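Chemist: Below is the structure I would like to discuss, written out as structure tokens.
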Amino acid sequence: MAFNAMWKPGRQAVAGMQGHGSANPALVIYLDPDSLAILPPSDPAVWPEFIRLLRQIRDSADELAVFLDKHKAVPDDGTRPE
């Protein structure tokens, strides 16, 4: 099953790990006002595959951020946005 979604993050958008030290940790992206939680599988035997995916998400997010930083829109006056 494919799932595609697009959100425009609000000013209060943040991402982080929820549930430090709990039995139900998750990667949560608060998009202001929506949120997305990515929870690990309940079976620790498949955690290595999930850990691999989380690292791919991390690396891909960094790669996209670098790309977007390099290709920021230049205002009409020729200055770079901050």
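Chemist: How large a share of the accessible area of the chain, in percent, is made up of carbon and sulfur atoms when the probe is 1.4 Å and the other protein chains stay in place?
Modeler: That fraction is 58 percent.
Chemist: Let me ask something else about it. Taking DSSP loops as anything outside H, G, I, E and B, show the longest stretch in the chain free of chymotrypsin sites (Phe, Trp or Tyr not before Pro) there with at most 13 other beta carbons within 10 Å.
Modeler: Formally, the longest exposed-site-free interval is 8-82.
Chemist: Under a 1.4 Å probe, what is the accessible area of the chain per residue, stated in Å²?
Modeler: 89 Å²
Chemist: Using Cα pairs under 8 angstrom and six or more residues apart, how large is the relative contact order of segment 9-49, in percent?
Modeler: It comes to 32 percent, rounded to a whole number.
The values are calculated or read from the model by the stated rules, or taken from the named source; none is laboratory data. Predicted, not measured: the structure shown is a model, and the values here were computed from it. Ideal geometry is used to build each Cβ from the backbone, glycine not excepted, and the neighbour counts take in all protein chains shown. Each accessible area value is taken on the protein alone, full model and side chains, heavy atoms only, with ligands, DNA and RNA left out. Shrake-Rupley method; radii C 1.70, N 1.55, O 1.52, S 1.80 Å.
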